[in-house]
1. Do we find that A:A579 is of a type outside the set (D, E, K, R), buried (at least 22 other Cβ atoms within 10 Å of the Cβ) and more than 12 Å from chain C (Cβ to nearest Cβ) in this structure?
2. Among A:A257, A:A325, A:A314, A:A245, which is the only one that is within 35 Å of the chain's Cα centre (by Cα) and closer than 26 Å to A:L63 by Cα?
3. Pairs only if they're at least six apart or on different chains, beta carbon under 6 angstrom, first in the stretch C:349-370 and more than 7 Å from chain A (Cβ to nearest Cβ), second not in a helix (DSSP H, G or I) and not polar (S, T, N, Q); list them, first residue then second.
4. Quick one: B:P55 ticks every box in (1) within 14 Å of chain C (Cβ to nearest Cβ); (2) open to solvent by less than 40 Å² (accessible area, probe 1.4 Å) bar one, so which box is it?
5. Among the residues of the stretch A:386-414, write down those that are assigned to a loop (DSSP other than H, G, I, E, B), free of Cβ contacts under 8 Å to residues at least 40 places away in the same chain and crowded, with 18+ Cβ neighbours inside 10 Å.
6. What pairs come out if I take residues in the stretch C:1-14 that are within 14 Å of A:S527 (Cα to Cα) and pair them with residues that are at pLDDT 70 or above and part of a helix (DSSP H, G or I) whose C-beta lies under 7 Å away, six or more apart or interchain?
7. Given the structure, is C:V244 within 14 Å of chain B (Cβ to nearest Cβ) and among the β-branched types (V, I, T)?
Amino acid sequence: MATHFKRKGKRLLGVGRQDAIRYFFGGNAMVSILVLGAICGFLLREAVLFFPQHQRDLEVFRLTGQEYANFAITEMDEYTEVKSLANQAFYQEMNEAYGIQRGLVDSFGALSGNIYDAGEDLIEELEDARDEVEDAEAEGEKTLAQAELDAIQAKWDIFLRAELEKADRKTIDSFGRLGEAEWQQLLKAMVEWDPVEDEPPALVAAAKAESDEGMATFDTARTTIAAAGSELARLRGELIKVTTAIKDEAVADKSAASRKKAYLDGSLVAETEEERVELRRKSDEITVREEFPYAERIKVLEGSREKHKTAVEAMKVDLKAGVAALPTEFSSPEVTELVSRIRDKAPVLTVYLGESLMESADWRYDEPLSWVYSVSSFFFGKDWVTNSSFHDFYGLLPLFTGSLLISVIALLVAIPFSLGAAIYVNRLAGPAEQTFIKPVIELIGAIPSVVLGFFGIIVLGEALREVSQVPWLSWVPGFPMQERLNILNAGLLLALMAVPTIFTLCEDAINNVPASFSEASLALGGSKFQTVMKVVVPTAISGILAAILLGFGRVIGETMVVLLVAGNQIAIPDFSLGAGVITQPAHTMTGIIAQEMGEVTKDTIHYRALFSVGLVLFTISLLINISARRIIRRFGFSA
Amino acid sequence: MSNSMNDTTRTATAPVPNNPNPIAKQDAMIEIDDVSFSYDHGQTNVLRNISFDIPAGKVTALIGPSGCGKSTLLRCLNRMNDLVDTSKVTNGQIRIMGQDINASDVDPIELRKQVGMVFQKYNPFPKSIYDNVAYGLRIQGIKNKPKLDEAVERSLRRAALWGEVKDRLGSSALGLSGGQQQRLCIARTIAVSPRIVLMDEPCSALDPIATARIEELIAELREEFTIVIVTHNMQQATRVSDRTAFFYIGELIEYDSTAKIFSNPSVKQTEEYITGRFG
Amino acid sequence: MNPFQSSSNARKSKDAFGSIVLAALTYIILGCTLFIFYDIAKKGLPVLMPVFSEKGGEVLNTDFLTRMPETLVEFTDAEGVKQSLPSSDFIEYTKANPDAVVENKKTNAYSGGGIKGPLVGTALLVLVCMVVALVIGIAAAVYLNEYAKQGRFVGMIRLAIMNLAGVPSIVFGLFGFAFFCLFPLIPVFETGLGTDLPKVAIPMFGGHLIFKSLGNSLLAGGLTLAVMVLPVIIAACEESLKAVPKGFREASLALGATKWQCIRTAVLPYATPGILTASVLGVTRVAGETAPIMFTAAVALKGKLPWDSPSDNGIFWMPDFLTDSVQAMPYHIYTVAARIPRTDATAAMQDGSVFVFLLMVMAFASVSIYLRIHFRKKLKW
């Protein structure tokens, strides 16, 4: 009976049907694994190739002297911040201390301008008539001219009164600085206004004198600060011009060989003799060099160091004088705050200028550049500038800071809500509540991010701005907001997106706490709430931590909300504002990829830079996932 | 299945000799010949050098304390252990109807059609009663409705379930009581007409009344099938089986007629076990 | 005296306060969510169903669903009444009234007409994605769970898949752009190429086998989305396969079923509810995504539907519309929300699109949540 249990069934090419089915499933698993492997491969390849390319780019940046020009550029940027603070403080102080006076002066300007535009013909007539009176020599002629002048003058007076009657206070005094009384005073004074001489009425002149006098110290200080940068600004412009010219030449030089060949090829197939000669000539014009003579070109920078030094020293002196000249008493805390920021920043700037000057003195165009520099200037570079006529910078820091700030805000908001909701739903809510709360929170996870972004633009941004303009909330840092689309807006929306992730995982963690733990606590006389807070939550803490981590992963990888709502300003947010930093716009790592990927050419440095950003995101999300798992495994309890 | 054997117990049981084989070769349905088995690529054997023959048309009970390897041996008989990737028969041969079932040209699927199995935890599919019983026939390609009807009725009658379910063959099997579900599983097993039925503690999840029904059923089925039953209930072994094999930590200690084992065991360990002194 | 009388009122009120705070946190979340739904519905519903607008009107604005997006022309007519018409209507209007006064003409891209193109595009993207992801995902899950030896290797694969489920969608977009759009993937047999050969060209049968890249296309976008959702599908399918009791497999195998029969009759039928739930969940995720299709498939404006005379892709075995770019709802919303200034005239397109899109995605999400709860209640073994 040895034939029992033998294999039956047909075989095809030595593969049985069962094996074929097995291979089908295995093949699909293989495909998915290959694709998932390809993701890592492609990201890694493009991202890694970025660094040598970046290094070459930076080498050119150095060889052409653009790097030297960049010292002046950054110095100017830093200085400009202080300068604009000074201007801002000046105008705010003027508005507050001499609001009415400035209101009178400005309103007079606007009013007289409007009337002048409206009555231009009449004014010309008036002027002519006066000239006539002046020019008239004969007595009779004079009376005649005078009569005409009087007629025109009368006409003008009527016109002026009519215009003043019509004047719309809202558009003239657009800042609303004038009270009703002042407005009427101005209108009255305006009657004296002579359009030909265009002298302000006494009231206005007095107001101007008063405000000018009151602001004189501040104005001197401000202009001193403003003048501090003039020399460096000139030098900056000059440096940018010459170094960019070197770069353009160097870039053209790289393609010289291929261009020469193209013209030559073209001349060979040219149809007419004329064309052939022309192409030939063009080809001959191009000289192909073994190596670009950077050393020779860079000579144009000779003398720049000396100029740079003088300019920076001059700036330091003027700045110091200007800051010292700033008044000390101000009419509002905002101005005091602004000026104290100037006072804080000025010494920092001075120190920075000194350091930058020293660094630039040591700068050499031919100093070799290592790959470490290429890597570190990507990860710690403070600028991300693309499509620039000067030089493109690929620095991750502004994007990373933006992403991080937004995520942190989102988490700070989301954690109490999700954790609270998880505790409530799992331990305190009734079954009826549970059955509707859980699905609704899960539904949040399905709201498309582009829809939330839209909501952020249309509704939340507007609402936040209105709230921030409420006067009694002005103590809140960053209020009133300058921008509708900012870190806070994006953070709040992302908080909502993080809620389902954190809630679900926290709820799971709390649910997994063995009943015996809470029973023990209840049996010892603990109340339900005490048991939850003192026993259940601490026991579930590893799960909760993991939930928070995964929530972080969710928000830092989110694209559309930040692209639409974060404001897309590529700059490291100004942390000197303290907590108010969150009302500034920012750009993010995800946002930059979404925004720029569609416009780049394959294999360019920009294309690869975006992949490097992608790789950073990929790595962050992997690290978060792995550590969340670790936490659960290591600190989790076995239920 | 625990295979963590410590050395002290192993030395304690090592000197026990293999029992002489009391069954004539020609009656043997299953011949187990010096079989060792491992769950971990042969590093530790959970069965060691087991040899005995199981006669046709009889009920053979495998008894012994938990972890002694009796369930493992049972699952070797229809190669259900193949499902564990690292498991392996490391030594010896199991022959059923003279065929070495671990030979390379044996198809475990064909084997299992002949060697049915009833599990410890009754596991009907969440389908109708009818579909459960017809399942095995359908996967063998039988689609003929009258034929299936006939087989389902016959199997349910054989499993003494027909009277209870004949009016609701289309309703879900999960609506039956535990005992009924286990009998349904037996009906499902015998529907494909195996030669051998393996039962792995078929009553351990059932109450005494349901257990009694199953035991009656086993007694009825013995004429048609060769039954091998694993049980840790010694009374059950005495009630249903003709022959009993006693296992202890992976070794066969004693194998004889049930009457002999329970009245006059020849090995001291068997006696200690059946009188409840250990295990 | 009652010895079990409550001893501390302070503790009681502290407990009550804590519970109220937790409840408040919960209901604030719900409130915010419901407010968002309400706000979007309030603005969008009148666009889709003018009968709900203040002015009233027809029950369903069929034009909105059946017209392609167009440029919207705003102008003031002779009576000084402000009008806005989609560009094609505007052209007809000027044709019909050659001496009509048109003043203050202003155009807004993408803001007129309807959303047929984006709706169809999104449906196609989801379809391509789900077909690919479900076939590969389910098969891979079956292999990993039923066939593969459960060793360290499979464990590592599983871990990799789980970790990939958390990778940001924009990273999948990057990958899709590099791999599906730019990398030459599609084998095409061509003759008469002459000497102008691409890098990889395998000569055969008197011609060459060359590889083409897909470019910005429906297929590239669908595949990118499929890759993104694949880890989710595999994980969910594996979970539902694991939930099928081992007893079913044993019973089936013990009755002499082959591996495939066992999977087909004793495993897959009972994993189907879970797989179904996972697929609906997958659809929800995929339909709502913008980032992965932004540069792999979607375009802002397209005058025709994908199957209306797509441009020839030169790949004889592949339908042309698969390699044509498409419009898609999320991208359409991104375009109108981010690039078009919001005025009274353009708001209708913005609000209407967002409302319809949200309704669509929420419908799928609700179905998936319902299915999960329903099956969890029903399936117990």
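The values are calculated or read from the model by the stated rules, or taken from the named source; none is laboratory data. Bear in mind the structure is a predicted one, so any value in this text is a computation, not a measurement. Reconstructed Cβ throughout: ideal geometry from the backbone, glycine too, with neighbour counts over all protein chains shown. The accessibility values were calculated without ligands, DNA or RNA, using every heavy atom of the protein model including side chains. Shrake-Rupley method; radii C 1.70, N 1.55, O 1.52, S 1.80 Å.
1. Judged against the criteria, A:A579 is not a match.
2. Being within 35 Å of the chain's Cα centre (by Cα) and closer than 26 Å to A:L63 by Cα holds for just one of A:A257, A:A325, A:A314, A:A245, which is A:A245.
3. C:S353/C:I115
4. Going through (1) within 14 Å of chain C (Cβ to nearest Cβ); (2) open to solvent by less than 40 Å² (accessible area, probe 1.4 Å) one by one, B:P55 breaks only (1).
5. Correct list: A:G395 only.
6. Note: pairs meeting the criteria are C:S6/C:K12.
7. When the stated conditions are applied, C:V244 passes them.
Yes or no, residue by residue, for (1) closer than 30 Å to B:L111 by Cβ; (2) polar (S, T, N, Q):
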{"residue": "C:W260", "(1), (2)": "yes, no"}
{"residue": "C:T265", "(1), (2)": "yes, yes"}
{"residue": "C:S311", "(1), (2)": "no, yes"}
{"residue": "C:T323", "(1), (2)": "no, yes"}
